[in-house]
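One structure below.
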Amino acid sequence: MTDNASQNDADANPSPVNLRRILSLAVPALGVLAAEPLYVLIDTAVVGHLGALPLAGLALGGTLLTVMTSQLTFLSYGTTARAARLYGANRRDEAIAEGGQATWLAIFVGLVVFVLGEAFVYKLTFLLAGDVRLATTAALWLRIALLGAPAILITLAGNGWMRGVQDTMRPLRYVLAGNVLSAIACPLLVYPLGFGLEGSAIANVLCQYLAAMLFLRAVLAENAMMRPDWRVMRAQMVLGRDLILRSLSFQICFLSAAAVAARSSAAAVGAHQIVYQLWVLLSLVLDSLAIAAQALIGAELGAGRIERARRVAWQITGYSFALGSVLCGVFALLSNTLPRLFTGDAAVLAQIPHAWWLFVIQQPIAGIVFALDGVLLGAGDTAFLRTTTLGSALGGFLPLIWLSWWFGWGLTGIWSGLTVFLLARMVAVLWRTWSGRWAVAGA
């Protein structure tokens, strides 16, 4: 009786979450998010010295592998939402059991990705490349790298359940261990041992399996890898369906943007690539706060503290908006100097301002959108996120991208489309969060 009274008092007078607590979840999450892009940069630098064709093969094969696996991030985000609710309800063992079932699902789905990928690898690379030599080179890398597909998905599932129980330090250590191994193995396999481009793929697989083995060891130590429970895995797949469709809309939009930029001019696509990669980098920074929101919101709702969950939602949104505003100011000041670190080509530099200032003003908007995405993901409100993301893409981003191609608006049109996409999503998630319909208590 006393415990219930204390909980009701806490819910009626919700206090803010300690900023240190938020950062303790967000900062390690940022490390995990940043590890993969940093590894890709190292891999690119190593393979780049083999010549233009191996580098292009790596770029093409890596893109296809990313597209295949990024559609399955529900193993991470969906598992976080389900595990966090159970953790908040003081059912830690069940929360970790969610991780065990997500790991089984990762193994099964990973094997399917591997088999289908191997069956269609050359057709996929040729479809994207349109050149026999490039497609063959990319397929050479991808055939080996696909061996790591189950490991990639096991790592996603491991990240998911550990974030759900608010443990973000171990995932950081595990992912860094894999990336350090790869950073050492890649140059050794490519050059002294003479494997060339295949050495890069082998290093990639070693990296993925080391991280996956560490996550497997952790879930086995918790006695959570019981036999597969198809009921639980089916429920995880329901969340997965919505998140896959949401992720697919992102992929279509960004691939369309790159295609339209490429049809404008070489300078335009070069400028787009520079600004887009910076946009991805800042998205990772803001997404770290969204991951903290997922874990905290899920736990609060699992504990039945609805008012506190609402308070935490707006608190983290405020921090994320402030961070986005700071990034906006910093990159506005760097507008003349930072692009020159990436290129000295006058034509590319002349194109960058058409995208740069839209990229800059997007940051505070993105701060709000990413934080509230995290809130709604933590609440398991994936159907709403799926619908609004698809609607914003089909009604805003894609029309402006293709109108830019038709009317020759170039990067200004493309990045206006991205801005409209973010604004539409911001209106949707603000309304949803304000309505309180997402705040459903219980594990």
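Could you tell me whether any residue of segment 279-286 is within 30 Å of residue 92 (Cα to Cα) and either touching a Phe, Trp or Tyr at 6+ places or on another chain (Cβ under 7 Å) or surrounded by 22 or more Cβ atoms within 10 Å (Cβ to Cβ) (or both)?
yes
In summary, residue 203 fulfils each of the numbered conditions (1) surrounded by fewer than 16 Cβ atoms within 10 Å (Cβ to Cβ); (2) in contact with a Pro (Cβ under 9 Å, 6 or more places away or on another chain) with the single exception of condition (1).
When you check residue 308 against the structure, is it of a type in the set (D, E, K, R) and farther than 30 Å from residue 164 by Cβ, yes or no? Let's see the steps before the verdict.
Values: of a type in the set (D, E, K, R): yes; farther than 30 Å from residue 164 by Cβ: no.
No.
Scanning segment 1-33 for residues that are crowded, with 17+ Cβ neighbours inside 10 Å and modelled with pLDDT of 75 or more turns up 17, 22, 25, 26, 28, 29, 30, 31, 32, 33. Applying the criterion of being free of Cβ contacts under 8 Å to residues at least 60 places away in the same chain and assigned to a helix (DSSP H, G or I) to the residues of segment 37-58, the residue that is farthest from residue 200 (Cα to Cα) is 52.
Within segment 296-337, the set of residues being touching a residue at least 60 places away in the same chain (Cβ under 8 Å), surrounded by fewer than 22 Cβ atoms within 10 Å (Cβ to Cβ) and under 24 Å from the mean Cα position of the chain (by Cα) comprises 314, 315, 319.
Considering every residue within segment 95-111, establish whether at least one is at pLDDT below 85 and part of a helix (DSSP H, G or I). The answer is no; no qualifying residue exists.
Out of the helices (runs of 4 or more DSSP H) lying entirely within segment 379-443, which hold 2 or more residues that are hydroxyl-bearing (Ser, Thr, Tyr), in the same structural domain as residue 313 (by TED's automatic domain parsing) and in contact (Cβ under 8 Å) with a residue 60 or more places away in the chain?
The helices (runs of 4 or more DSSP H) meeting that bar are 382-392, 410-435.
The values are calculated or read from the model by the stated rules, or taken from the named source; none is laboratory data. If you're wondering where the values come from, they're calculated on a predicted model, not measured in any experiment. For neighbour counting, all protein chains shown are included, and Cβ atoms are generated from backbone atoms with ideal geometry for every residue, glycine included.
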